[in-house]
Amino acid sequence: MVGPKAGGRKLAERISTRIADLRGCPRQWAAPTKDIIDDQKVMIFSDHDRRVENGEVVLVCDDTLTTGESIRLTTVAAAQMGGCVLPFSPVITRRLGVAMLTGNSIVSLVQMPHQVWTAQGCPLCRVGSVALRPKQSENWEMLNAPY
């Protein structure tokens, strides 16, 4: 089980634990971290105890699928490590309107497609609201601050 550290780590760990309990085998999960190398977003397996080994069968999962970038990057990173990535990915909530992503079937418990606007078409921007990228550190801190 492999899930992006930002959201899918806990899901990967829980699914791995359940499979291990049912099959009497050790838990095996990993959680790569997003990084930027040569101006490209990538996932890096930085924990030497939690990484994908060559030839290992890998199921990539995530908690919420919004753009699909985390699953795509995680799938690429697992394949680059030599993992045999399964052609489907379980997610808890799928906000993206498609059920396929880079050749993988997305299997979700909840489907909640959301509207995506450009800054020019956003109804909140038209009335003066400022668009923020929530995961940028300074914005994330502001959005999670106690008020």
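The values are calculated or read from the model by the stated rules, or taken from the named source; none is laboratory data. Values in this document were obtained by computation on a predicted structure and should not be read as measured data. Cβ sites come from the backbone with ideal geometry, for glycine too, and all protein chains shown count toward neighbours. Side chains included, ligands, DNA and RNA excluded: accessible areas come from the protein's heavy atoms. Shrake-Rupley method; radii C 1.70, N 1.55, O 1.52, S 1.80 Å.
Does segment 45-67 hold any residues that are touching a residue at least 24 places away in the same chain (Cβ under 8 Å), open to solvent by 90 Å² or more (accessible area, probe 1.4 Å) and of a type in the set (D, E, K, R), and which are they? Walk me through how you get there before you give the answer.
Pass one, segment 45-67, residues touching a residue at least 24 places away in the same chain (Cβ under 8 Å): 45, 51-67.
Now drop any that are not open to solvent by 90 Å² or more (accessible area, probe 1.4 Å), which leaves 53-54, 57, 67.
The answer is 53, and nothing else.
For segment 49-147, which helices (runs of 4 or more DSSP H) that fit wholly inside it have 2 or more residues that are closer than 25 Å to residue 31 by Cα and over 17 Å from the mean Cα position of the chain (by Cα)? Full working, then the answer.
Values: elements: 69-80, 123-126, 137-143.
Helices (runs of 4 or more DSSP H) meeting the threshold: 137-143.
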- Given (1) surrounded by fewer than 12 Cβ atoms within 10 Å (Cβ to Cβ); (2) under 22 Å from residue 98 (Cα atoms), residue 72 misses just (1)
- Subset of segment 32-44 [in a loop (DSSP other than H, G, I, E, B) and surrounded by fewer than 21 Cβ atoms within 10 Å (Cβ to Cβ)]: 38, 39
- Given (1) of a type outside the set (Val, Ile, Thr); (2) over 18 Å from the mean Cα position of the chain (by Cα); (3) open to solvent by 40 Å² or more (accessible area, probe 1.4 Å), index of the condition residue 28 fails: (2)
- Contacts under 6 angstrom Cβ, first residue in segment 90-105 being closer than 16 Å to residue 74 by Cα, partner open to solvent by 40 Å² or more (accessible area, probe 1.4 Å) and modelled with pLDDT of 85 or more, 6 or more apart: 90/107; 102/72; 104/87; 104/88; 105/88
- Number of positions in segment 1-25 that are in a helix (DSSP H, G or I), within 13 Å of the chain's Cα centre (by Cα) and among the charged types (D, E, K, R): 2
